[in-house]
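Student: Right, I'll just put the structure down here and ask away after.
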Amino acid sequence: MAPSAFLRTLSGFLPARKPTATTPKGANGTDIKSGGNGVHASSHAPPPSAVKAPAFTLGDFTIDEDRPIKVVAIGAGYSGITAAIRFPQRIKNVELTVYEKNAGVGGTWYSNKYPGLSCDIPSHCYQFTFEANTEWSSFYAPAPEIRAYLERIVDKYKLSKYIKLQHELIHARYDESSGKWHLKLRRPVAESTSDQPQYEEIEDTADFVLCGAGGLSRWSWPDIEGLKSFKGKLLHSADWETDDWKEGVKDWGDKRVGVIGVGSSALQMVPALQPRVGKLFNFVRGKTWLATPFFSEKLADLMKRDPKAANYSFGDDDKKKFRDDPEFYKAFRHELEAELNSVHAYTLQNSDRQVEDQRVFKEAMAKRLEKKPWIADHIVPDFPVACRRLTPGPGYLEALCEENVDFVPKEIRRVTPTGLETTDGQHYELDVLICATGYDTDYKFPFPVIGRSGKTLQERYTPHPSTYLSLCTDGFPNWFNCLGPNSGVGSGSLLILIEREIEYAVNVVGKMQRERLKSIEVKREAVDDFDEYLEAYFPGTVYSAKCRSWYKMGKEEGRVVGLWPGSCLHAVRAFERPRWEDFDYEHLNGDAKNRFYWLGEGCTYEEKHMVGDRAWYLSDKEVDFPPGTLFY
Ligand SMILES: Cc1cc2nc3c(=O)[nH]c(=O)nc-3n(C[C@H](O)[C@H](O)[C@H](O)COP(=O)(O)OP(=O)(O)OC[C@H]3O[C@@H](n4cnc5c(N)ncnc54)[C@H](O)[C@@H]3O)c2cc1C
Ligand SMILES: NC(=O)c1ccc[n+]([C@@H]2O[C@H](COP(=O)([O-])OP(=O)(O)OC[C@H]3O[C@@H](n4cnc5c(N)ncnc54)[C@H](OP(=O)(O)O)[C@@H]3O)[C@@H](O)[C@H]2O)c1
C-alpha cells in the first residue's frame, strides 16, 4: 500500500477533530470558551439539566504550543555567552537579549589586560566541553588567546544578534502584577567621545533574567591614604591602560615601578614586568602559598616532555598531533580534567593531602627562593594551602630573586606625590604605582535590583548574600544567577559549573514556558536550609582558616561567600536535577488556578494543525533502546 493510502486508512481509526460550527452553551446559558479546534470543557458533558458550570476554562492552546518568553542575560563573559548558545538552542519561541556594558565580549578576558595575565588552570580545562581548542599555545594560555577563543565562539554560533554591547543595566524592578522584570539600561549616545561620554537610557522588560554580571568584575582602589595624590602613573591591574601591555611598558626600562599585592594578579604581573623595568618593588602585607606546577608529571607523561617545565608551551608538533589525532586529544583533555578533579581533599582541614601539600609546597618555595632565602620567612603562610586562591605563579618567586626586584613585606602607611611610605617610615620613590589589590566581592552590584514588596537584593544580601544553591533568592522571582554567590570552586574548573548553571536556568525557563507560569520563586525555607548547609560545611574546610581572601569578602574571618560548599564535581551533581518542590509558582492566567491549565485543549500542535510528525516518538533519536536491543 502506498504510504499516503496507508495513512488515510489509519486515520480512519482516529477521532475526527473538525472545529464545531456553533458556540456551546453552559448550564446557565453563558458561552463556554472553545478551544482552537472546538474541543471544549463540555464536549462530554451530561444532559443540560445536570450541567454544572465548569470550574475553569480550558486554555486556548495545545500542550506543546510554546508561549513566547523573553529572557534577558546580563553580561557577555563565559556565562552570558553560554546563555546565548543554550537558550535559543533549547527554548523555542524565546526572545533573548544579552546586555553587556563593555564594548566587547569576553567579560574577565575582555577587561583584564595587565602584564602576564593568563589562566591559572590548564588551558585545556578552561574551555567549553563542546568547543575543544587544539591551538592553545601554552599550559596556562595568555589572556588574549582566551579572549580570541570567546570571540570565535560568538562568531561561530552567530551570537552577535543577541548581544547588545555598551548597554549597562542600571536598574531592575520586579513587577508583581505582570511577573516581569522592568529593566533600565544606559548606553553611550552615538556622538559622545570617550573623554566625555554621554549616555541615554532605554527600558526593556523580561519574563526571566539571567544575571551573569561576574563576581570578579568590580575592581576597586585600595583604601590607602593619599593614593590619588600620586603624581606618577597610577594603575589598577583590572583597568590596564593599553590593549597590548608589552607596547604599553616598552619605555619603562629605566622606571621605578611599585606593585601592591600578592594575589593572583600580582603573581602574574611581577615576573612579566621584572625584565622590562628599571627597578621593581613588590609591596606585600600578606602571605601566600604557591603550588608546584599543577599536573607537571601527568603532562610530562602524556606529552613525553620535561616534568619540570613551569608553564609548558605547546609547539606546532603538539598542536598538529591534537588536530590529527582527535582520540589522543580527547584522552589528553579527559586525563587533565580528571586530574584537576582529584585534589578536593586538600580543601579539607588537616587532611593527609593538605598536610602533604604544605610540606611539598614549602620545600618547593624555599628552593625557588634559594637566591634570597629570607623572603620565605615572609611569604610562606601559617594558614593552610588553598585558604586563599592557590596558584602555581610560574616565575614569581624567581622574579623576586632578581637583582632589580625588592620584595617589601611591610604595611603601607600612605602614598605620596612621589612614591609610597611604609609604616616603618621608609619612603620609596616611584614613577609607576600599580594596585593589584583585587575586587569588590560582596555581590552587591551597583544597580538596584528591586524584588517583591520593594525589597532590594542589596538589602537581602546584607550582612552577606543568601541564596538557594547559589542560583536564586526568595523575594526575587524569575531572577537566576550564573556564578553568583557561593558558586566558585577552590579546585576544579569553573566552566563546567557555568555550563551546568545555565542548563539549570534553561530548565527553569522551559518549565515556565510549558506550564505557563507567571513566576517561579524559591521558598524562603529552602534558602535558609542552604544557609545552614553552608554554615555546617565550611568549618571543616581550609577556607574557614584565618587568612584574608576574596572568598570571605576580603576579610580574614567570617562567612565564605565566594565558594560552593563542596567540590566541583559535587556542584555538577547538585545542579543535575532541579528540586521543583523548593519553589513557589504563580500561573499566568490569574483566574485559572487549576494546576493543569497548561494541559490546554487536550491535543498537540501536530494534531491540531495536522502538520509535522505525529509519531515522532518512533524516530531513532527518540526511542530509548535498552542495552542488548538488536537493531532492525
Ligand atoms: C584577572 C582574572 C583572572 C581569572 N583567571 C581565571 C582562571 O584562570 N581560571 C578560572 O577558572 N577562573 C578565572 N577567573 C575567574 C573568571 O572570572 C571566571 O572564570 C569567568 O571568566 C567568569 O565569567 P562570567 O561570564 O561569569 O563573568 P565575567 O567574565 O566577569 O563577565 C561578566 C560580564 O558582565 C558585565 N557586566 C557587569 N555588570 C553589568 C551591568 N550592570 N550591565 C551589563 N553588563 C554588566 C561585565 O562587563 C562583564 O563583561 C579569573 C578572574 C579574574 C578577574
Ligand atoms: N588566572 C589567574 O591566575 C588569575 C589572575 C588574577 C585574578 N584571578 C582571580 O581573581 C581573584 C582576585 O585576584 P587579585 O590578585 O586581583 O586580588 P586578591 O586576590 O584579592 O589580592 C589582592 C592583593 O592586594 C593586597 N591588598 C589589598 N589592599 C591592600 C592594601 N591597602 N595594602 C596592601 N595590600 C593590599 C592584598 O593583601 P593581602 O595579601 O593582605 O590580602 C592581596 O595581596 C583571584 O583570587 C582569582 O580567583 C585569577
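Student: Mind listing just one residue for me: the one in segment 444-466 that is under 21 Å from Val560 (Cα atoms) and charged (D, E, K, R) and, of those, nearest to ligand 1 (Cβ to nearest atom)?
Tutor: Lys444
Student: Look through Ser351, Ser342 and report the one residue that is more than 21 Å from Tyr396 (Cα to Cα), hydroxyl-bearing (Ser, Thr, Tyr) and out of contact with any helix residue (DSSP H, G or I) (no Cβ under 6 Å at 6 or more places or on another chain).
Tutor: Just a single option satisfies the conditions, and that option is Ser342.
Condition check ((1) away from ligand 2 (no atom under 16 Å from the Cβ); (2) in contact with a Pro (Cβ under 7 Å, 6 or more places away or on another chain); (3) assigned to a helix (DSSP H, G or I); (4) open to solvent by 50 Å² or more (accessible area, probe 1.4 Å)) across all residues:
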{"position": "Ile520", "(1), (2), (3), (4)": "yes, yes, no, no"}
{"position": "Glu525", "(1), (2), (3), (4)": "yes, no, yes, yes"}
{"position": "Asp528", "(1), (2), (3), (4)": "yes, no, yes, yes"}
{"position": "Tyr533", "(1), (2), (3), (4)": "yes, yes, yes, yes"}
{"position": "Ala536", "(1), (2), (3), (4)": "yes, no, yes, yes"}
{"position": "Pro539", "(1), (2), (3), (4)": "yes, no, yes, yes"}
{"position": "Tyr543", "(1), (2), (3), (4)": "no, no, yes, no"}
{"position": "Lys546", "(1), (2), (3), (4)": "no, no, no, yes"}
{"position": "Arg559", "(1), (2), (3), (4)": "yes, no, no, no"}
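Student: In addition: Between a residue in segment 322-337 that is over 16 Å from Ser137 (Cα atoms) and without any contact (Cβ under 8 Å) to a residue 12 or more places away in the chain and any residue that is basic (Lys, Arg) and open to solvent by 80 Å² or more (accessible area, probe 1.4 Å), which pairs come within a Cβ distance under 9 Å, given they are 6 or more apart or on different chains?
Tutor: Phe328/Lys321
Student: Moving to a separate point now. In segment 189-218, which residues are within 17 Å of the chain's Cα centre (by Cα) and at pLDDT 95 or above?
Tutor: If the condition is that a residue be within 17 Å of the chain's Cα centre (by Cα) and at pLDDT 95 or above, then Phe208, Val209, Leu210, Cys211, Gly212, Ala213, Gly214 are the ones that fit.
Student: Just to be sure I understand, how many residues within segment 259-270 are in contact with an Asp or Glu (Cβ under 9 Å, 6 or more places away or on another chain) and either surrounded by fewer than 23 Cβ atoms within 10 Å (Cβ to Cβ) or small (Gly, Ala, Ser) (or both)?
Tutor: Number of matching residues: 1.
Student: Separate question: Taking only segment 159-202 into account, find how many residues are open to solvent by 90 Å² or more (accessible area, probe 1.4 Å), out of contact with any strand residue (DSSP E or B) (no Cβ under 7 Å at 6 or more places or on another chain) and either touching a residue at least 40 places away in the same chain (Cβ under 8 Å) or closer than 30 Å to Glu515 by Cβ (or both).
Tutor: Looking only at that region, the number is 2.
Student: Could you tell me whether any residue of segment 223-236 is away from ligand 2 (no atom under 16 Å from the Cβ) and among the aliphatic types (A, V, I, L, M)?
Tutor: So far as segment 223-236 goes, no, none of its residues is away from ligand 2 (no atom under 16 Å from the Cβ) and among the aliphatic types (A, V, I, L, M).
Student: While we're looking at this one, here's another question. Can you report the number of residues in segment 64-88 which are of a type outside the set (Lys, Arg), in contact (Cβ under 8 Å) with a residue 60 or more places away in the chain and outside any helix (DSSP H, G or I)?
Tutor: Adding up the residues that qualify gives 11.
For (1) under 30 Å from Arg285 (Cα atoms); (2) among the hydrophobic types (A, V, I, L, M, F, W, C); (3) more than 18 Å from the chain's Cα centre (by Cα), each residue gets a yes or a no:
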position: Gly438; (1), (2), (3): yes, no, yes
position: Arg452; (1), (2), (3): no, no, yes
position: Glu459; (1), (2), (3): no, no, yes
position: Phe480; (1), (2), (3): no, yes, no
position: Ser487; (1), (2), (3): yes, no, no
position: Ile496; (1), (2), (3): no, yes, no
position: Lys518; (1), (2), (3): no, no, yes
position: Val527; (1), (2), (3): no, yes, yes
position: Phe538; (1), (2), (3): yes, yes, yes
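Student: Being hydroxyl-bearing (Ser, Thr, Tyr) and surrounded by fewer than 16 Cβ atoms within 10 Å (Cβ to Cβ) is the filter; apply it to segment 37-70 and report the residue that is modelled with the lowest pLDDT.
Tutor: Within segment 37-70, the match that is modelled with the lowest pLDDT is Ser43.
Student: Any idea which residue in segment 488-505 is farthest from ligand 2 (Cβ to nearest atom), counting only those that are under 16 Å from Ile81 (Cβ atoms) and out of contact with any strand residue (DSSP E or B) (no Cβ under 9 Å at 6 or more places or on another chain)?
Tutor: Applying the filter and picking the extreme gives Glu503.
Student: Tell me which residues, restricted to segment 413-438, are part of a strand (DSSP E or B) and either under 26 Å from Glu176 (Cβ atoms) or open to solvent by 50 Å² or more (accessible area, probe 1.4 Å) (or both).
Tutor: Across segment 413-438, the qualifying residues are Arg413, Arg414, His427, Glu429.
So that you can scan it fast, the table gives a plain yes or no per residue for (1) of a type outside the set (Gly, Ala, Ser); (2) touching a residue at least 40 places away in the same chain (Cβ under 8 Å); (3) touching a strand residue (DSSP E or B) at 6+ places or on another chain (Cβ under 8 Å):
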| residue | (1), (2), (3) |
| --- | --- |
| Lys231 | yes, yes, no |
| Glu247 | yes, no, no |
| Lys250 | yes, no, no |
| Ser264 | no, yes, yes |
| Met269 | yes, yes, yes |
| His344 | yes, yes, no |
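Student: In a helix (DSSP H, G or I), charged (D, E, K, R) and within 11 Å of ligand 1 (Cβ to nearest atom): is that true of Glu501 in this structure?
Tutor: So Glu501 passes the test.
Student: Does Leu517 qualify as being touching a residue at least 24 places away in the same chain (Cβ under 8 Å) and over 29 Å from Ile91 (Cβ atoms)?
Tutor: no
Student: Let me ask something else about it. When you look at Thr292, is it farther than 25 Å from Pro539 by Cβ, part of a loop (DSSP other than H, G, I, E, B) and of a type outside the set (Gly, Ala, Ser), yes or no?
Tutor: yes
Student: For the subset of segment 382-412 comprising residues that are of a type in the set (Asp, Glu) and more than 15 Å from Lys279 (Cβ to Cβ), which member is surrounded by the most Cβ atoms within 10 Å (Cβ to Cβ)?
Tutor: Glu398
Student: Within segment 89-143, take every residue that is within 16 Å of ligand 2 (Cβ to nearest atom) and part of a strand (DSSP E or B) and give me the one that is most open to solvent (accessible area, probe 1.4 Å).
Tutor: Per the stated criteria, the residue is Pro142.
Student: For segment 332-354, which residues satisfy the criterion of being assigned to a helix (DSSP H, G or I), open to solvent by 70 Å² or more (accessible area, probe 1.4 Å) and more than 15 Å from Thr292 (Cβ to Cβ)?
Tutor: Of everything in segment 332-354, those that are assigned to a helix (DSSP H, G or I), open to solvent by 70 Å² or more (accessible area, probe 1.4 Å) and more than 15 Å from Thr292 (Cβ to Cβ) turn out to be His334, Glu335, Asp352.
Student: Select from segment 439-493 the residues that are part of a strand (DSSP E or B) and of a type in the set (A, V, I, L, M) and list them in ascending order.
Tutor: Of everything in segment 439-493, those that are part of a strand (DSSP E or B) and of a type in the set (A, V, I, L, M) turn out to be Val449, Ile450.
Student: When the residues of segment 203-229 are filtered to those that are outside any strand (DSSP E or B), in contact with a Gly (Cβ under 8 Å, 6 or more places away or on another chain) and not acidic (Asp, Glu), which remaining residue is most open to solvent (accessible area, probe 1.4 Å)?
Tutor: That would be Ser217.
Student: Which residue pairs have Cβ atoms under 6 Å apart, sit 6 or more places apart or on different chains, and have a first residue in segment 203-217 that is within 16 Å of ligand 2 (Cβ to nearest atom) and a second that is acidic (Asp, Glu)?
Tutor: From segment 203-217, no pairs qualify.
Student: Residue pairs, Cβ under 7 Å, 6 or more apart or interchain, first in segment 430-451 and within 10 Å of His171 (Cα to Cα), second charged (D, E, K, R) and more than 10 Å from ligand 1 (Cβ to nearest atom). List them.
Tutor: Pairs that qualify, where the first residue is within 10 Å of His171 (Cα to Cα) and the partner is charged (D, E, K, R) and more than 10 Å from ligand 1 (Cβ to nearest atom), are Ile450/Arg173.
Student: Got at least one residue in segment 156-165 being more than 20 Å from Leu340 (Cβ to Cβ) and assigned to a helix (DSSP H, G or I)?
Tutor: yes
Student: While we're here: In the list Gly425, Gly438, which residue meets the criterion of being on the phi > 0 side of the Ramachandran plot, out of contact with any Leu (no Cβ under 7 Å at 6 or more places or on another chain), among the small types (Gly, Ala, Ser) and more than 16 Å from ligand 1 (Cβ to nearest atom)?
Tutor: Result: Gly425 is the single residue among Gly425, Gly438 that is on the phi > 0 side of the Ramachandran plot, out of contact with any Leu (no Cβ under 7 Å at 6 or more places or on another chain), among the small types (Gly, Ala, Ser) and more than 16 Å from ligand 1 (Cβ to nearest atom).
The values are calculated or read from the model by the stated rules, or taken from the named source; none is laboratory data. The shown structure was predicted, so the numbers you read here are calculated from the model rather than taken from an experiment. All Cβ positions, glycine included, derive from the backbone under ideal geometry; neighbour counts span all protein chains shown. Each accessible area value is taken on the protein alone, full model and side chains, heavy atoms only, with ligands, DNA and RNA left out. Shrake-Rupley method; radii C 1.70, N 1.55, O 1.52, S 1.80 Å.
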